[in-house]
Amino acid sequence: MNDLAQELNSILEATVAGRLLSDLGRRLYFPKGIIAQSVEAKKNAHMANATIGMAYQNDSLMILSALQQPLAALSPEAIVAYAPTAGLEKTRQLWQKLLTEKNPSLDPNRISLPVLVPGLTAGISYCADLFFDPCSSLCISQPCWDNYELIFEQRRGASLVKIPFFEAGDGLDFAGIEKALQTRAQKEPLRLMLNFPHNPSGYTLTRSEAEQLIVLLKAIADAGSDVLVLCDDSYFGLFYEPDCMQESLFSQLSSLHDRILAIKIDGPTKEDFAWGLRLGFVTFGSKSLEPAHYDALIKKLMGAIRSSVSCANTPAQSLLLHCAADPRTPLEKAQYYAVLKSRYHFIKHFIDSNPPHPRLKALPFNSGYFMTFRCMGINAELLRQELLDRHGVGTIAFGSDYLRVAFSSVDQEHLEHLYRLIYETAAVL
């Protein structure tokens, strides 16, 4: 094993993070090669910095006019320079500031500085590299985002333990979740994915449900189990009901217990309506971790980034900083949020004002981009194909049991017709 990896492992050895590392996670390190030496040179090479493979002329980066002109508000450095492996320092600091503003109970001094990754999917995948082996399992909701299977099962060889989250009517099936998590924690360290607002259901925990879950995870840790909680907060902030939990569970989990390691994976993809920028952030939090531990974890994460994509693209990071400083941004985000919230209420009214459908039952939903029907007595994939082939309506089937409808991409004036087509087609299929 590399000496640098062993050094990081020794720092983490007595912590929950060290105990939870996968075999690959233990082997990962950030090399003191080109990137690390270039960072040192940038600080101290006053006469000439001949370290990094970028082209300069008259102390300015060479840049094509076709690239610079459409992004005239940004400097060449902000467009085409390599970004540091963990992301531009200003971008990371901005995101930490935004985290504390959106989550008032979060202590910024007790978490790591967010690490920038090329999209939330990459962030989840890197966490899988760090903490999952073929012998590991991940407790996850049923239904769930289909890419989790590809990331954890196919790439890392881990197994998914799917827990029916929505068997109890209007909210979470907490009794079923509690039984499943307690059972798993008796066999191995508990690894859990929490995704709220949830994809595909569009559900966010209520405040009372969040408190129940916090109490449960603390009890499991009190009983001696190490607990890893991945908080996939892709749709954070898009809450449409007053009883929705308004903060990420990471806020409490990150300082809850010495045996709990929480990781927040989020970004501007949905929060800032910036899907194609492909920016995400990974933030670590645990009551037991100190700055040296976070630094070791970040270096391991940087090793995963360096060995795959090297770094995220610079112009996207610069544009995020630019958008955050623009006075138009808060108002425009509020306007877009209001549009989505109005669509949500329209759909809720449609479902509530119509007789119960014999073959479709909406899973609980109160947030995000989607809502999902449980299909009863019909195959969701066949329903999807019928809607597409006969009516030109695109939906997503999750296996044979669930049909997801993304109201985020349908103007409100078309929702009535859309849902009547879904109801009518399901009734005669």
Amide N of the stretch 257-279 lying under 13 Å from the label point, which is placed 7 angstrom from the Cα of E332 along Cα→Cβ:
272-275
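From the P(r) of the stretch 101-218, could you give the percentage of C-alpha pairs in the tail past 17 Å? Please list the in-between numbers first.
Numbers: 4291 of 6903 pairs.
Percentage above 17 Å: 62.
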What's the center-to-center distance, using Cα atoms, between the stretch 159-189 and the stretch 83-107 in Å?
32 Å
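So if we plug the beta-carbon distance of Q68 and V309 into 1/(1 + (r/R0)^6) with R0 = 35 Å, what FRET efficiency do we get, rounded to 0.05? Working shown, then result.
Values: r = 24 Å, r/R0 = 0.68.
Working from the Cβ atoms, E equals 0.90.
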Could you tell me the center-to-center distance, by alpha carbons, between the stretch 197-224 and the stretch 382-429 in angstrom?
31 Å
Using amide H atoms built in the peptide plane, which far-off residues or other-chain residues are under 5 Å from D173 H to H?
F166, E167, A168
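Give me the number: length gained by fully extending S409 to I396, i.e. 0.36 nm times residue separation minus the C-alpha to C-alpha distance, one decimal in nm. Display every interim value, and only then the final one.
Values: separation 13, 0.36 × 13 = 4.68 nm, distance 1.29 nm.
Using 0.36 nm per residue and subtracting the Cα-Cα distance, I get 3.4 nm.
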Those residues of the stretch 200-229 whose amide nitrogen sits under 15 Å from the label point placed on K361, 7 Å along Cα→Cβ
none
Range of Cα positions in the chain per principal axis (Å), largest first:
77, 57, 37
Restricting the count to DSSP beta bridges whose residues both fall in the chain, what percent are antiparallel, rounded to a multiple of 5?
55 percent
Cut-off under 5 Å, modelled amide H: who pairs with S225 long-range
none
Relative contact order, percent, the stretch 329-428 [alpha-carbon distance under 8 Å, six or more residues apart]:
29 percent
What are the extents of the Cα atoms of the stretch 329-428 along their three principal axes, listed from largest to smallest and rounded to whole Å?
45, 26, 23
Taking a spot 7 Å from the Cα of Q182 along the direction of its beta carbon, which residues of the stretch 155-172 have an amide N less than 19 Å from it?
162-168, 172
On the formula 1/(1 + (r/R0)^6), with r taken between the Cβ atoms of D352 and A325 and R0 of 45 Å, the FRET efficiency rounded to 0.05 is 0.60
Can you compute the FRET efficiency between K162 and S208 using 1/(1 + (r/R0)^6), with r the Cβ-Cβ distance and R0 = 30 Å? Round to the nearest 0.05.
0.80
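Would you calculate a helix-derived [θ] at 222 nm for the chain, using -39,500 (n - 2.57) for each DSSP H run of n ≥ 4 and dividing by the full residue count, to the nearest 500? It would help to have the intermediate numbers written out before the result.
Numbers: 17 runs with 181 residues, N = 429.
Calculated from helices alone, the mean residue ellipticity at 222 nm is -12500 deg cm²/dmol.
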Would you calculate the separation in nanometres between label points at E77 and V215, each defined as 7 Å from the Cα along the Cα-to-beta-carbon direction?
5.3 nm
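Give me the Kirkwood hydrodynamic radius of the stretch 191-325 in Å, from all C-alpha pairs, to one decimal place?
Working: mean 1/r = 0.0611 Å⁻¹.
Kirkwood radius, the stretch 191-325: 16.4 Å.
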Using 26 Å as the Cα-Cα cut-off, could you pick out the over-long pairs in K43/K287; K264/K348; K187/K287; K97/K348; K42/K299; K179/K348?
K43/K287; K264/K348; K97/K348; K179/K348
Just for the Cα atoms in the stretch 134-180, what are the lengths along the principal axes, largest first, rounded to whole Å?
35, 20, 8
Using modelled backbone amide H atoms (1.01 Å from N, in-plane), which distant-in-sequence or interchain residues come within less than 5 Å of S137's amide H?
S159
Assuming 0.36 nm per residue, please report the length gained on full extension of the stretch Q6 to L61 beyond their Cα-Cα distance.
16.0 nm
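Every number in this text was worked out from the coordinates using simple rules, so none of it is lab data. Please read all numbers here as calculations on a predicted model, not as lab measurements. All Cβ positions, glycine included, derive from the backbone under ideal geometry; neighbour counts span all protein chains shown.
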